[in-house]
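Heads up: the structure comes next, in structure tokens.
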Amino acid sequence: MSLRSSCRRLTTAENPTRASRIDRGKFEPSLRVARASLLPVALAAKWTSKQSLKSSGMAVILPLNNEISALISEKEPLDAAKDMGDCKENGVLIKPSEAGNQPPASSLDKGEAGCITNGYSAVQSPVGHSGSSDGDRDCPLPSAACELQELGKPTGRETWSKKTDFMLSVIGYAVDLGNVWRFPYIAYQNGGGAFLIPYLLMAVFGGIPLFYMELVLGQYHKNGAISIWRKICPIFKGIGYATCIVALYVSFYYNTIMAWALYYLYSSFTTELPWTSCNNVWNTPNCTNYFLKDNITWTKYSTSPAEEFYIRQVLQVHRSHGLEDLGGISWHLAICLFFIFIVVYFTIWKGVKTSGKVVWVTATFPYLVLFILLIRGATLPGAWRGLLFYLKPEWNKLLTTQVWVDAAAQIFFSLGPGFGVLLAFASYNKFNNNCYKDALIISTVNCLTSFMSGCVMFTVLGYMAEMRNEDVGDVAKDTGPSLLFITYAEAITNMPASTFFAIIFFIMLITLGLDSTFAGLEGVITAVLDEYSVLLRKHREWFVLGLIIFCYLGALTTLTYGGAYVVKFFEEYATGAAIIAVVFLESIAVSWFYGMKRFCRDVKEMLGFTPGWFWQTCWVAICPIFLMFIIASFLSTPLKIKLFDYTYPYWTAVVGYCIGTSSFICVPSYMVYKIIITPGTFKQRLLRSITPEVEDNETPNSGVHLNSV
């Protein structure tokens, strides 16, 4: 009996329905002969060198849905068999490929065995190729005949030059300006040291599992925030578009804060810092300098030189009447923002190869500065008062709901899932990178940085309270950027070598912000280029330039005299509830629609182990509850925003919720669109819309596999 005849009898691809009804015993003699004839071919293939296959540049066409699943092995690759053409009925054809000898990313769970329709043991494909199977009957082939090497589909996707580039990029993204100003304020406002308990619990059960999940998705599927949903659950593709819109809203106001810091940096190159005295043209009669003069009484009308420099010289909000009348553009801030975007463009225009090198400076320099400022702050008089105020626990506050809400929101926005950045960065990793270890390390570094930043801030607040002869709580009334640009800037003025400390402090703020901007825009760029690769992939530099110009134009309202009001408006309405709702749907889509079994199989394929019951429980139940808890708190508590002496009118809430909804509306809109364009009955459309889509030449992670027979 010829090899061709044996292969035809073994395969069920020609007529799987009919094959399932064949009496196995009738063909047992033929099966024995087939095994005997296949053994020499299999043994020869086993000893074929890996280099032979690589030099041949072979690519694989996967079987169609009505054909058998491709076999796969972790061992040596098979060379192009001489008689392979005789077995083409197996649904696997080999043809020359121009691209590649790139090692693969597997898309099968190498630990789960199944049976193909001829009764032989095989590894099931996660693509879900249909075919009948006798399932429980084992008909062992020689092990060499079942061995297979997975092949990487050469996609030309760039990867990180070094693992450290990835780690520093994600750390730079997670550790941003919010770690420096938001965490210290939230901590002392919610019980000091007692706040660490809900903060750590929310991190363990909510923040870190979501962070880990996004790293896995990006690394396995190798796609950005939009196109990845085709491989997970196509009907939720609107999540990707919503993510990109939110990221653009963030770029409209976040970079303006760096422009403020850049202007402070420029103003610091003097022998005497301009916010030291009250003898400047922008100062008012209420300006009170209690550092340089003794016996000064601080009243509720008193303003410090640092406060007037920030409000009247940098922002110039006194020339605006609120959101109703923003006034003209502050050109010194417009120039600063222009320089910020120039740095951003030439960092990200070529991709992660260039940005991965820049973060070696921008991600590490803040830690050097924080360490220097911590030592300096600890030596100031009254520093112990600030640390005691920061860390002294108020256990009764743990009984209030707001403390837990603030802890959940803080860890969520600090780690930053849902913005598409983690998906983008992880997609440039090698397939077998240990993203589980990365998630734990980066999350730990992020939390420790927040705690360290609080110590840095409160040593200085204790020093200011000592100088003003006030309680620390009265000094620490500033929140948000004011904590940096007023409170800390004021404390620097009375330090020895104040110019030096001012320069390194504001450079630190700029580098903290730059890392987050690099990451946020890279998330948008990767998402759009992956979705529209044919149109834009070869024109990345021009697309990035257009995106930078668009972001600069979108930020013009924040550069006006009333720009600080716009920054606060975007911060409160444009990103908060919208991004949390998007991540809630993402967790539902992955754990309930894509399936926890399939997701865990993906993890096992990449890392070699299956996530434990803790992680699976978090993904399926705890994380959605965690996110619903935050959403409910946002919706149940009406925002009452006040900045300086300006209280936001009611209509700003209406406009704000409209802006927040403008991103989230992409999700239901795309669901309707997907069901409409999908052919078939409504039930068929719905089923197809929630089923992962795989092209004819790819598996869910764009890998390809060579059939052993």
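Under a 5 Å amide H to amide H cut-off, with H placed in plane at 1.01 Å, what residues pair with Ala225 once short-range neighbours are removed?
Here Ala527 satisfy the definition.
Of all accessible surface on the stretch 459-545 at a 1.4 Å probe, what whole percent is carbon and sulfur? Please report the intermediate quantities before stating the final value.
Details: 1710 of 2910 Å².
Percent of accessible area from carbon and sulfur atoms in the stretch 459-545: 59.
Amide H neighbours of Thr560 under 5 Å, at least 5 residues apart or on other chains, H built in the peptide plane: list them.
Under 5 Å from the amide H of Thr560 lie the amide H atoms of Ser330, each far enough along the sequence or on another chain.
Hey, can you grab everything whose amide H is under 5 Å from the amide H of Tyr646? Only 5+ residues off in sequence or another chain; H modelled, so Pro and N-termini drop out.
For Tyr646, no residues qualify.
Heavy-atom accessible area of Glu466 with all protein chains present, probe 1.4 Å, nearest 10 Å²?
Glu466 exposes around 80 Å² with every protein chain in place.
With all protein chains present, how much of the accessible area of the stretch 263-389 (probe radius 1.4 Å) comes from carbon and sulfur, to the nearest whole percent?
65 percent
Using θ = phi - 60° and the Karplus relation 6.51 cos²θ - 1.76 cosθ + 1.60, list the HN-Hα couplings for the stretch 612-628 in order, rounded to whole Hz, with x at every Gly or Pro.
Result, rounded to whole Hz: x, 5, 4, 5, 5, 5, 4, 5, 7, 10, 5, 4, x, 5, 4, 6, 4.
Using the alpha carbons of the stretch 239-392, what is the convex hull volume per residue in cubic angstrom, as a whole number?
Taking only Cα atoms, the stretch 239-392 has a hull volume of 227 Å³ per residue.
Using a 1.4 angstrom probe with every protein chain in place, what is the largest-first accessible-area order of Asp645, Asp515?
Values: Asp645 150, Asp515 5 Å².
Listed by decreasing accessible area, they come as Asp645, Asp515.
Which whole-Hz couplings ³J(HN,Hα) result when phi for each residue of the stretch 308-322 is put into the Karplus expression 6.51 cos²θ - 1.76 cosθ + 1.60, θ = phi - 60°, listed in order with x for Gly and Pro?
Once rounded to whole Hz, the list reads 6, 5, 5, 7, 9, 9, 6, 7, 6, 5, 5, 8, 10, 10, x.
Please give the length that would be gained between Ile631 and Ile375 if that part of the chain were fully extended, namely 0.36 nm times their separation in residues minus their C-alpha to C-alpha distance (nm, one decimal). The partial results should precede the final answer.
On the way: separation 256, 0.36 × 256 = 92.16 nm, distance 3.93 nm.
Contour length minus the Cα-Cα distance gives 88.2 nm.
Sort 634-640, 188-194, 663-669, 562-568 by the packing proxy (mean of other Cβ within 10 Å over each peptide's residues), most packed first.
Result, highest mean Cβ count within 10 Å first: 562-568, 188-194, 663-669, 634-640.
Kirkwood Rh, Cα Rg: Rg to Rh for the stretch 405-540?
On the Cα set of the stretch 405-540, Rg over Rh gives 1.10.
Go through the stretch 645-651 residue by residue and turn each phi into a ³J(HN,Hα) via Karplus (6.51, -1.76, 1.60, θ = phi - 60°); whole Hz please, and just put x for glycine and proline.
Along the stretch 645-651, the couplings run 9, 9, 9, 5, x, 5, 5 Hz.
The values are calculated or read from the model by the stated rules, or taken from the named source; none is laboratory data. Predicted, not measured: the structure shown is a model, and the values here were computed from it. When we count neighbours, we look across all protein chains shown, and the Cβ atoms used for this are built from the backbone with ideal geometry, even at glycine. Ligands, DNA and RNA are stripped out before the accessible areas are found, and what is left, the full protein with its side chains, is counted by its heavy atoms. Shrake-Rupley method; radii C 1.70, N 1.55, O 1.52, S 1.80 Å.
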